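Below: one structure, written as structure tokens.
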Amino acid sequence: MSHIPKPDAYDIRISMSFYKYQLFILGFLNLCIIKHLAHSQNHTLIFSKDNNIRNCSCSADIQSCDYSLANLMCNCKTIAFPKNKTGSRLSYNGDLTIWFSDTTTLGKLVNFTFVHNLKLLLCGATTLPTEYLAVLGLRYLRVQTETLQEQSLTITHCSVKDRLCQVPTFHISYLDTSLFNGLPLLKSYSVENVSSIKEQFPNLPFSSWISDTNKSYIVTLIY
């Protein structure tokens, strides 16, 4: 009967070290995968279909107004219409895309919502009236229709002379919904150091809680 040598202490230490190294590598890879999934799901798509509001987490942009593909490729759930009335505010982290077909739905989804990166896509050939919707903290806007190419706009809130807004400011952008009727060249105009939106822009929608911020405003008109 052949004799099988027993592993010495050195071999055992080497084996245990290799095992610990494997566990470390597996743990590191799992952490990377979790972080990647969390980052890839940081894109929110909201649309209205069959009188339902669908809120979806997607890893990438879905082809324009393809509701079936969105339900298939994204993690979607039906939600109630957001309670986004005067005096309240919704907030989104990451990118937000909204598919809409009328200004009433768009207003309920976006008016006085806080979001930095926003994409609005008009589904259908509806002609929209001139209405102004307020978006808070907006930095980057993309607009598109099913038949017209996407346009984008980077919103610069402060000029160089203001030394990057040393005075505390509150950023509010007003979007003219009629710009979707043919999508002319997207433009914006900002007014800084606004002390009272209600007094200086009486025809624009106003939310009562804004007056409690005690800050100067930067008002941007997007048309």
Leu175: modelled with pLDDT of 90 or more, open to solvent by 40 Å² or more (accessible area, probe 1.4 Å), of a type outside the set (Phe, Trp, Tyr) and within 17 Å of Phe112 (Cβ to Cβ), yes or no? no
Apart from one, (1) buried (at least 16 other Cβ atoms within 10 Å of the Cβ); (2) without any contact (Cβ under 8 Å) to a residue 40 or more places away in the chain; (3) part of a strand (DSSP E or B) all hold for Val143; the odd one out is (2)
Find the strands (runs of 3 or more DSSP E) located wholly in the range 57-140 whose residues include 2 or more that are of a type outside the set (A, V, I, L, M, F, W, C) and surrounded by 14 or more Cβ atoms within 10 Å (Cβ to Cβ), and list them. 95-100, 117-122
How many of the residues making up the range 182-191 are surrounded by fewer than 17 Cβ atoms within 10 Å (Cβ to Cβ) and either in a strand (DSSP E or B) or over 23 Å from the mean Cα position of the chain (by Cα) (or both)? 4
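The values are calculated or read from the model by the stated rules, or taken from the named source; none is laboratory data. All figures in this text were calculated on a predicted structure; none of them were measured in a lab. Quick reminder, even Gly has a Cβ in these numbers, built from the backbone with ideal geometry, and neighbours come from all protein chains shown. SASA here: full protein model, heavy atoms, side chains in, ligands and nucleic acids out. Shrake-Rupley method; radii C 1.70, N 1.55, O 1.52, S 1.80 Å.
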